[in-house]
Amino acid sequence: MATHGDERSGTSDLMERVCERANLQAALKRVRKNKGSAGIDGMTVDEPPEHLKTHRPALREQLLAGTYQPSMVRRHAIPKRGGGVRELGIPTVVDRFIQQAILQVLGPRFDPTFSQYSYGFRPRRSAHDAVVQAQRYVNDGRRTVVDVDLEKFFDRVNHDVLMGRLAKRIVDKRLLGLIRRYLEAGMLADGIAIERHEGTPQGGPLSPLLANVLLDEVDKELEKRGHAFVRYADDCNVYVRSKRAGERVMELLRQLFASLRLWSERVEERRRQGVEPQAPRLLLWAAKGRVAKHRVAPTALEMMKIRVREVTRRSRSQSITRVVQDLRSYLVGWKNYFRLADTPGSSARSTNGFGIGYERFTSSTGAEERRSIANCAPGDCPSMRPPESPRTATAGGGTPPC
């Protein structure tokens, strides 16, 4: 069981720890390794070393004095596999550097207090761990899943609610003030400055940690009540033994997310309308003895075939050596992601009609939607993965567990 998360981290000198030379050097190294696009100032990840030689003393002074003002983020939209776009906020390289330095100080203090059933954006935890835990619940007889996927979670985070949770953990007023300014930094879109009054945009190193801080309250309440659940970012699955228990859990989750000002009647609207999520998935299927095992979802196989055709099409005008390199890189990564699959030779079979299934309750109405087998999809934080990598795995829902 994780330790309680209400104890404040350290003393009032957290900003001094952020500004320690070793911490800043490690942060700069990490930002350069992560690469990424330039922010509104056009500075690339290769420029900070020279920039900081001149500006490091002034930057450190502003941070310690609590006067540093972050730059606006650059809006960048990337297409979703299921249609539409996902909006990112790309901070400048200097702001990513500062956020990374903050993350390296707060992460080791906060992470031990998080639930052991929270798997997203945490060290030494992965989507595969979430899937394996979900499999344990199913094999234990919990074959009804309450699936909650918060719509546009990162865009709807309430700043006051989040800062209230952070104030329970952080004493240093300078650090709290800086995080608040990062949350409220405007967004530049096509040369137009847009004010932000809610949300913690995906694209910065700090956003995933802030998301876990906010949603940890939900985890703790589920643990307190003895529920079996997995959460990956904003996708949360609770496994129960009956439809009636599922309805009770759905009502509890409505109350918990409403208290965080995250509940919306549009949550899970896609599933309520019967639209299948478009992320790569692993499915749980019934083997002999009604034991749940993993298999690759047909949608994931189809997406893999499409990608292979794109890489090998003749119109690319690439040498055969380059094509083989690209194909090998993609297929090795794909195979590694889906390495949990127990049935590599049978994944083309229909996904309907399995003996083991779930009665899934959508998070909008609580009504039974349809019989469904458990699945997982790869995660959804661009700051934590390359743009073309699979979304983070989830258990029991069409998109990653929260």
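The values are calculated or read from the model by the stated rules, or taken from the named source; none is laboratory data. For clarity, every value in this text was computed on a predicted model and none was experimentally measured. Virtual Cβ from ideal backbone geometry, glycine too; neighbours counted across all protein chains shown. Each accessible area value is taken on the protein alone, full model and side chains, heavy atoms only, with ligands, DNA and RNA left out. Shrake-Rupley method; radii C 1.70, N 1.55, O 1.52, S 1.80 Å.
Computed quantities for the displayed model
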quantity: The stretch 68-97: number of residues that are part of a strand (DSSP E or B) and not hydrophobic (A, V, I, L, M, F, W, C); calculated: 7
quantity: Residue satisfying condition, being among the aliphatic types (A, V, I, L, M) and open to solvent by less than 20 Å² (accessible area, probe 1.4 Å), within set Ala127, Ala58; calculated: Ala127
quantity: Hits in the stretch 132-160 - residues which are modelled with pLDDT of 90 or more, open to solvent by less than 10 Å² (accessible area, probe 1.4 Å), over 21 Å from Ala245 (Cα atoms) and of a type in the set (A, V, I, L, M, F, W, C); calculated: Val157
quantity: Residues of the stretch 194-216 satisfying the condition of being without any contact (Cβ under 8 Å) to a residue 60 or more places away in the chain, surrounded by fewer than 20 Cβ atoms within 10 Å (Cβ to Cβ) and over 11 Å from Asp155 (Cα atoms); calculated: Glu195
quantity: Residue within the stretch 28-36 that is open to solvent by 60 Å² or more (accessible area, probe 1.4 Å), within 25 Å of Gly177 (Cα to Cα), in a helix (DSSP H, G or I) and not aliphatic (A, V, I, L, M) present; calculated: yes
quantity: Residues of the stretch 37-55 classified as open to solvent by less than 90 Å² (accessible area, probe 1.4 Å) and in a loop (DSSP other than H, G, I, E, B), total; calculated: 10
quantity: Matching entry among Ala27, Ala22, Ala38, Ala65 (being under 23 Å from the mean Cα position of the chain (by Cα), of a type in the set (A, V, I, L, M, F, W, C) and modelled with pLDDT of 95 or more); calculated: Ala27
quantity: Counted residues, the stretch 61-99 - those being more than 15 Å from Val31 (Cβ to Cβ), charged (D, E, K, R) and open to solvent by less than 50 Å² (accessible area, probe 1.4 Å); calculated: 1
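Yes/no matrix, rows are residues, columns are (1) charged (D, E, K, R); (2) in contact with a Cys (Cβ under 9 Å, 6 or more places away or on another chain); (3) over 27 Å from Asp216 (Cβ atoms); (4) modelled with pLDDT under 90:
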position: Val238; (1), (2), (3), (4): no, no, no, no
position: Arg241; (1), (2), (3), (4): yes, no, no, no
position: Ala245; (1), (2), (3), (4): no, no, no, no
position: Arg261; (1), (2), (3), (4): yes, no, no, no
position: Gln278; (1), (2), (3), (4): no, no, yes, yes
position: Arg309; (1), (2), (3), (4): yes, no, yes, no
position: Thr312; (1), (2), (3), (4): no, no, yes, no
position: Ser315; (1), (2), (3), (4): no, no, yes, yes
